Each structure stands twice: as structure tokens, then as C-alpha cells.
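**Q** My questions all concern the structure below.
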Amino acid sequence: MLVRMFSVMVKKFLDFPSRSALYNSIHLPWFARLTLLHYHSGGPTMAMIALKCPDIEVVVLDINEARIAAWNSPKLPIYEPGLEEVVQQCRGRNLFFSTEVEKHVAEADMIFVSVNTPTKTAGVGAGKAADLTYWEGAARMIASVSKTSKIIVEKSTVPVKTAEAIEKVLKRNCSDSSVEFDILSNPEFLAEGTAISDLQKPDRVLIGGKDTERGRKAIDVLASVYAHWIPEERILKTNLWSAELSKLTANAMLAQRISSVNSISALCEATGADIQQVSKAIGTDSRIGGKFLNASVGFGGSCFQKDILNLVYICESVGLSEVARYWESVVTMNDYQKQRFVERIISAMFNTIKKKKIAIYGFAFKKDTGDTRETPAIDVCRGLLADGANLCIYDPQVEDKQVRLDLATPKFEWDHPVSKASPVSNDDNITTTKDPFEAIDGAHAICILTEWDEFKSYDYQKIYDSMVKPAFIFDGRNVLDHDKLREIGFVVYALGKPLDPFLSNGYN
Ligand code: UGA
């Protein structure tokens, strides 16, 4: 799951009189495309294009044979509600999955590139700047096999002005001087777990390109693809840098809302207010809006932290240190929230969790996905393990191997391709299970770290009866019925809510 050097290709062609037609006609009946995609958004996006544009042939490319085999099998390599149905409708019709990267790149008219852009772990900008090694590698490969002009669409989240650098790499590495590359930025705004509906009805599609006649034509060609199903007024056209910066800023602002609400959740616990009531009250102000105001154990996912750190680095690079510190505090608050959760657990359980069995419910970074990248569960589990707890982890979508890989992978290394030498935790204090009731058998506590719907419908009386007393529940997502749990006899910690007297710790 952590291997994300991923290529996707979309092509279609034939009947394509000359490459210049690409720019003369924006309503192309046939047309070719290839993508190197980052693993989660790439597959769904290309599948949706294939579904909505039967006149376009889409080929998804990946150098990883196992991954392509999975895309060609009934069990897709990622879990995304609704994706299977979309793939089934188009696979073999105008959607293909292949490892023949160079062949398809050479044939393509348009290439979507969405490779990993991990945070640098060494050298200048370590811990913040994006590592563009994979992007540059993709660009060099494209240049070396291209015999015809192509539109290159930047899909990965990349630091502002990457397109400029990539254009230089493409131009200088292509031996055929008649080949032209037009670079577009087309950031993806879909969220995992809702990818298919986000793609079907996006709030907007953003296309950035050069402000030249040629650049505008390239923008129009890509816009004509989305126009197959998206109303024209939702397709926004900007310059390249605005599109790149908009992506980073959108994620930074979404994450900032969560960190803001999480900061207030700590204040609620200290004062007796209820964060869900506060969120509702402020969310009804139409200027604020109700989305992304759920307090949580922390935000995760492959993008928020990485994009903010990128923004921080860019600000530092241009001498805007106050702006950099402002955005950095969003990540600091997120780390604080995870740490605070761990400390709350330890202090509630009489300041010792050594050798105590703790059930972890949910390891994915959010519900309806098996993705664990930057999941808050990693830091919370590490914190509990550091204090000697025995963890039994249950997640409906995450496999044992993934949990062990995540708990052993150093910070910022997760976005690099997994090799055979990648560390896997053999810690005896970690077990995983596919049975949620096995996880709680003989446990002292349950920690809810992902908001899976199924957690709401469990028989908590039965669970309580199988646990050591006092039985604790630490709800890091506020998804359970806390009053009912208290009636059963649980000691309940609900994030950002008035504390049980058992836990009040002298604050109220
Ligand atoms: C995010 C953005 O929402 C997408 O628009 C963007 O395209 C995507 O990143 C990306 O750059 O690829 P995603 O990471 O899939 O999407 O998931 P989100 O729904 O944004 O959730 C991110 C994290 O925030 C999760 O851990 C979630 O549990 C947490 N969260 C979300 C909260 O803690 N509280 C909330 O109110 C909302």
C-alpha cells in the first residue's frame, strides 16, 4: 500500500490527423493521454474520466506488476466505495491497466502525472520541502520516449512553480526538437472515502496553464474532457502558479479548521463546555459553515501535513517567516492533540498502562478507506507502546502487515516506495485481529481512533462484560453514545466534552 510510484495512462487516438489538431480543435473525438499517478486519487480519477468519456481511451500505468494485476482483478488495490462498479463498466472498453509504461507514454497525447512528492528527509529543507525525485524521474522518462507533442498534466500536489522546473527537464531531455510539451496544473480535490461522488459532482475543477495562446489552448483541451460531465461554470481556469498554490492553500485551510476546533476541544475539557455544541453553534453561521468542524484525535492522510509543511518551506524560502510560523502552528496543534490524547489515557488509567491490554478500534486515517498514511493512530499507538501497553488493533480495512509497517516506518519515510528491506514491527506488544470482540477480551480500555460506522452498532453491554474493570472507553472521534456507555458502567472520555468526575484531574 505504501508503494506509490504509479503511472496511469489515458490514451485514445487513431483518426488523429496531426498533432497540431490537438490545439486547433478543442472538441477532440479521439485523444490520447497517459498518467503517472499517485495511488489513491489516480485510479478513481482515471476511471471516472473513462466512464464519462467513452470516446477517450484511458490507460493506467504502473511499474508495479502486482498493483496492475490487482487493478485487472475483481479485488482492486484500493478500497473506495463505488469504485468497483465504475471500473467494471469501463475496464476492457476504454479503460486499461498496464505496466508497459514507455510504450504507452510514447503513444499518448496527454499525460497525467501524479507521482509521490514525499517530504524531504535529508539535506536542504529536510522535514518540510517536497522531494521531487520521482517527478523529475517521470519527466525524464517522458522526454526520452516522446516522438510527438504532448500535454503534461500535473496531478500530484507539488510545491508552487514545479511546472516551470519540469518544463525545463522535459525540453532539455527530448532529442526530437519538433516535440513540444505543454504543462498544465490540474490539482485534485477529491477526498478519500467519497472519491466517486466528489468526482461525479465536484465543487470545481481547476486548470492552470501558461497565459499564452498555446497555453490557453492546452487548458481548453483539458477543459473539454471535464466538460463531458461538469458544467462549464465549475471549470475554473487560472495561471499555473495560482492553480498550484490553490491546492496547497485549500488543504492548509481545511486542516486549519480542524486544528482550530481541536484547540478549543482542549479548552472545553478544561472548562466544562462541549465541543460538539460549540461546533454546531459556530457552524450555523453561514460565513463559517458546518463542515470540517469535527474535533478529533488529529487529522491524518497523505496530504494535509505534507502540504502545510510545503507551504511553510515555500514561505521560508521567500523570507516570509511570520507567514511560515502561522501555518506551521496548524501542524503543531495537530501533534499536540495526539499527544494530549495519549496523556489523557495514561493519567486516567492510574498513570500506568504497562502490560495492560488496550483495544484500538480503527487504524485508518478516516472511515471508508483502508489508507493509513499519516493516520493519527500511528502516533497514538506509538505513545501507548512507549509506556508499555499491549495493543490489540482492529480495523475493518487495514491488514496486519500494514499496521506493522506503519508502526516501524520513521516519520516522513512513508511516502517513499516500499522495498523488501522496509522495516516491519515485530513488537510482541502489538497484535491485530479481524474480530472486534477478540480485541476487547480481557482489555482494560478501548480507544476509538477512526469513526467507522460499525463501531456505533456494537453490543457494548457484551463488550463491557468481557473487559477488566474499571472498563475505559476513550472516544477520539466522538461517535459513540456516551450516556448509554456510562449507564452500562464504562468510564468514558469523550474528546472536548465535559469530563467524567473519574477523569477530571483537578480541572473542574
Ligand atoms: C483532503 C481534502 O479534503 C481533499 O479536498 C484533497 O483533495 C485531499 O486531501 C488531497 O489533497 O488529496 P483526504 O485527506 O482524503 O482529503 O480526507 P479529509 O476528509 O480531508 O480528512 C483528512 C483528515 O481530517 C482525516 O484524518 C479526517 O478524519 C480529519 N477530519 C476531517 C477531522 O478530524 N475533522 C473534520 O471535521 C474533518
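**Q** Charges only on Cβ, +1 for Lys and Arg, -1 for Asp and Glu: so what's the dipole of the chain about the Cα centre, in debye to the nearest 20?
**A** Values: 59 positive and 65 negative charges, 124 e Å.
It works out to roughly 600 debye.
**Q** I've got another one for you. How would you order 219-230, 295-306 from highest to lowest mean count of nearby Cβ atoms within 10 Å?
**A** Working: 219-230: 19.8, 295-306: 25.3.
Ranking, from highest mean packing down: 295-306, 219-230.
**Q** With the Cα gyration tensor of the range 274-504 in hand, give its eigenvalues times 5 under a square root as the equivalent ellipsoid semi-axes, listed largest first in whole angstrom.
**A** 29, 24, 16
**Q** OK, next. Per-residue ellipticity at 222 nm for the chain, helices alone: DSSP H runs ≥ 4 residues times -39500 (n - 2.57), over residue total, nearest 500 deg cm²/dmol? Numbers along the way, then the final one.
**A** Values: 18 runs with 205 residues, N = 508.
That comes out to -12500 deg cm²/dmol.
**Q** Multiply the residue gap between Asp453 and Glu232 by 0.36 nm, knock off their C-alpha separation, and tell me the result in nm, one decimal place. Before the final figure, lay out the partial values.
**A** Values: separation 221, 0.36 × 221 = 79.56 nm, distance 3.62 nm.
Extra length from Asp453 to Glu232 when fully extended: 75.9 nm.
**Q** For the range 223-381, what's the relative contact order in percent, using C-alpha pairs closer than 8 Å and at least 6 residues apart? Kindly include the intermediate steps, with their values, before the conclusion.
**A** Numbers: 143 pairs, mean separation 35.5, N = 159.
Reported as a whole number, the value is 22 percent.
**Q** Taking every eigenvalue of the Cα gyration tensor of the range 358-466, multiplying by 5 and rooting it, what semi-axes result, largest first, whole Å? Mind showing how you got there, number by number?
**A** Details: eigenvalues 118, 47, 24 Å².
For the range 358-466, the ellipsoid semi-axes come out as 24, 15, 11 Å.
**Q** Sticking with this one: Amide H to amide H under 5 Å from Asn116: which residues, 5+ apart in sequence or cross-chain, H placed 1.01 Å off N in plane?
**A** Residues meeting the amide H criterion: Phe6.
**Q** I'd like to know which of Pro423, Gln397, Ala364 lies farthest towards the positive end of the charge dipole of the range 346-463, counting +1 on Cβ of Lys and Arg and -1 on Cβ of Asp and Glu.
**A** The Cα lying farthest towards the positive end belongs to Pro423.
**Q** So, counting K/R as plus one and D/E as minus one, what does the shell of residues with Cβ under 10 Å around Leu51 add up to? Show your work: numbers first, answer last.
**A** Details: positive: Lys52, Arg93; negative: Glu85.
Computed value for this residue: +1.
**Q** Can you tell me the Rg and the Dmax, both Å, for the Cα atoms in the chain?
**A** 24.2, 78
**Q** At 37 °C and 0.692 mPa s, grab the translational diffusion coefficient of the range 326-368 from Stokes-Einstein with a Kirkwood Rh over Cα pairs, rounded to a whole number in µm² per second.
**A** Numbers: Rh = 12.6 Å.
In µm²/s, the coefficient is 261.
**Q** What whole number of Å gives the distance from the Cα centroid of the range 363-418 to the Cα centroid of the range 271-315?
**A** Using only Cα atoms, the two centres lie 22 Å from each other.
**Q** For the chain, what's the relative contact order in percent, using C-alpha pairs closer than 8 Å and at least 6 residues apart? If you can, show how the numbers build up before the last one.
**A** On the way: 1061 pairs, mean separation 66.0, N = 508.
The normalised contact order for the chain reaches 13 percent.
**Q** Quick check on packing: order 131-142, 86-97 by the mean number of other C-beta atoms within 10 Å, highest mean leading. Provide the component values of the computation, followed by the final result.
**A** Working: 131-142: 20.3, 86-97: 18.6.
The densest-packed peptide leads the list: 131-142, 86-97.
**Q** Here's another thing I want to ask about it. May I have the convex hull volume per residue, in Å³, for the Cα set of the range 68-199?
**A** Details: hull volume 17.7 nm³, N = 132.
So the per-residue Cα hull volume is 134 Å³.
**Q** Rg(Cα) of the range 297-343 divided by 2.2 N^0.38 Å? Write out the running numbers ahead of the final one.
**A** On the way: Rg = 11.8 Å, N = 47, 2.2 N^0.38 = 9.5 Å.
Taking N as the residue count of the range 297-343, the ratio is 1.25.
**Q** Restricting to Cα pairs below 8 Å that are 6+ residues apart, what does the relative contact order work out to for the range 52-211? Please round to a whole percent.
**A** 20 percent
**Q** Would you mind checking which residues have amide H under 5 Å from Lys357's amide H? H placed 1.01 Å from N; only 5 or more apart, or other chain.
**A** Answer set, sorted by chain and number: Asn390, His444.
**Q** How much length would be gained if the chain were fully extended between Ala273 and Lys168, taking 0.36 nm per residue of separation minus their Cα-Cα distance, in nm to one decimal?
**A** Full-extension gain reported as 32.2 nm.
**Q** Follow-up. How big is the range 442-508 along each principal axis, measuring the range of its Cα positions in Å and listing the largest first?
**A** Principal extents (largest minus smallest coordinate, Cα): 32, 24, 18 Å.
**Q** Of the cross-linked pairs Lys201/Lys291; Lys291/Lys434; Lys357/Lys469; Lys280/Lys367; Lys161/Lys306; Lys103/Lys171, which ones have a Cα-Cα span greater than 23 Å in the structure shown?
**A** Numbers: Lys201/Lys291 17 Å; Lys291/Lys434 32 Å; Lys357/Lys469 12 Å; Lys280/Lys367 21 Å; Lys161/Lys306 17 Å; Lys103/Lys171 20 Å.
Listed pairs above 23 Å: Lys291/Lys434.
**Q** Please give the FRET efficiency for Glu213 paired with Ala69, using the beta carbon to beta carbon distance and R0 = 51 Å, rounded to the nearest 0.05. Walk me through the numbers before you get to the answer.
**A** On the way: r = 44 Å, r/R0 = 0.86.
Efficiency computed from Cβ-Cβ geometry: 0.70.
Each reported figure results from applying straightforward, stated rules to the coordinates on display, with no laboratory input. Predicted model only: the values in this text are computed from it and were never measured. Heads up, the Cβs are rebuilt from the backbone with ideal geometry, glycines too, and the neighbour counts pull from every protein chain shown.
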